[in-house]
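The values are calculated or read from the model by the stated rules, or taken from the named source; none is laboratory data. A quick note: this is a predicted structure, and the numbers were derived from the prediction, not measured. We place every Cβ from the backbone using ideal geometry, glycine too, and count neighbours over all the protein chains shown.
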Amino acid sequence: MELVFATNNQHKIREIQQILGSEFHLLSLEQIGHNMDIPETSPTIEANSMEKAAYIYQKYQMNCFADDTGLEIEALAGRPGVFSARYAGDEKDMDKNIEKVLFELKDQKNRKARFKTVISLILNGERFQFEGLIYGAILEKKTGNNGFGYDPVFKPDGYNISFAQMESGIKNKISHRGIAVIKLADFLKSIQ
């Protein structure tokens with residue numbers, strides 16, 4: 001099955017392709033000739049995810065899915081949340097985003113956080129959503145070189161290492177995106 005994944009983020013495409021397996025062929029936005037930003041104007045992760053999928057489906061009439069992910073930190077009243085990628089500015093500089101989070105959590109004992117991913121699938125005009133959540137804590141400094149985004153400062157509950165220290169196979173099984181993608185894959189396999 002061929003599906004457009006509404007992103008050009010090669011990290012995400014690789015991660016999700018590994019989880020979906022060879023039964024599915026993912027196309028990036030670039031591969032379908034879309035090189036502009038997709039509108040993300042909604043106030044929630046769920047609505048942003050669906051907005052992106054609907055935009056691509058309406059424009060190209062191709063089965064597609066989009067994801068939106070947010071890091072929600074308890075002591076920051078759920079921030080950065082829907083603004084996770086642009087937390088320190090529109091340039092989407094993850095080092096600056098991490099610096100801002102660490103600065104705001106300076107001297108904060110409560111470092112509880114969760115990652116939330118929502119995948120919106122549009123298949124032959126029908127809409128579906130799949131959610132993945134993982135709970136953990138924000139470390140006091142960056143640790144590890146794998147992964148992307150906030151991975152170097154997020155330590156999932158039950159582990160003594162950050163996402164950025166994990167092998168991709170382990171991270172894919174337990175991560176917010178991994179959980180949501182497994183739900184997506186199970187659904188797609190069930191209707192084939």
I need every pair where a residue in the stretch 116-132 that is in contact (Cβ under 8 Å) with a residue 12 or more places away in the chain and hydroxyl-bearing (S, T, Y) has its Cβ under 7 Å from the Cβ of a residue that is crowded, with 22+ Cβ neighbours inside 10 Å and part of a strand (DSSP E or B), sequence separation at least 6 or different chains. T117/D67; T117/T69; T117/G132; S120/F65; S120/A66
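Could you list, in sequence order, the residues of the stretch 131-151 that are over 12 Å from the mean Cα position of the chain (by Cα) and of a type outside the set (V, I, T)? Working first, answer last.
Pass one, the stretch 131-151, residues over 12 Å from the mean Cα position of the chain (by Cα): 135-146.
Correct list: Y135, G136, A137, L139, E140, K141, K142, G144, N145, N146.
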Going through the stretch 1-49 in order, the residues found to be in a helix (DSSP H, G or I), acidic (D, E) and surrounded by 15 or more Cβ atoms within 10 Å (Cβ to Cβ) are E15, E46
Residue, farthest from R127 (Cα to Cα), within the stretch 157-174, restricted to residues that are in contact with a strand residue (DSSP E or B) (Cβ under 6 Å, 6 or more places away or on another chain) and either among the hydroxyl-bearing types (S, T, Y) or surrounded by 22 or more Cβ atoms within 10 Å (Cβ to Cβ) (or both): S162
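Can you find a residue in the stretch 166-189 that is closer than 15 Å to I73 by Cβ and of a type in the set (A, V, I, L, M)? Before the answer, list the steps.
As a first pass, look at the stretch 166-189 and keep what is closer than 15 Å to I73 by Cβ: 176.
After this cut, where a residue has to be of a type in the set (A, V, I, L, M) as well, the list is none.
Checking the stretch 166-189: not a single residue is closer than 15 Å to I73 by Cβ and of a type in the set (A, V, I, L, M).
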Suppose we keep only residues that are surrounded by fewer than 19 Cβ atoms within 10 Å (Cβ to Cβ) and aromatic (F, W, Y) within the stretch 94-150. Which one would you say is nearest to S168 (Cα to Cα)? F148
Just the residues that are within 27 Å of F24 (Cβ to Cβ) and among the basic types (K, R), please, taken from the stretch 152-192. K171, K173, R177, K183, K189
Could you tell me which numbered condition Y87 fails, if it satisfies all but one of (1) out of contact with any strand residue (DSSP E or B) (no Cβ under 7 Å at 6 or more places or on another chain); (2) surrounded by 19 or more Cβ atoms within 10 Å (Cβ to Cβ); (3) of a type in the set (F, W, Y)? (1)
Of those in the stretch 157-184 that are among the small types (G, A, S) and modelled with pLDDT under 90, the residue nearest to A113 (Cα to Cα) is G178
Going by the conditions given, is F103 on the phi < 0 side of the Ramachandran plot and either β-branched (V, I, T) or part of a strand (DSSP E or B) (or both)? no
Go through the stretch 1-43 and give me each residue that's in contact (Cβ under 8 Å) with a residue 12 or more places away in the chain and among the basic types (K, R). K12
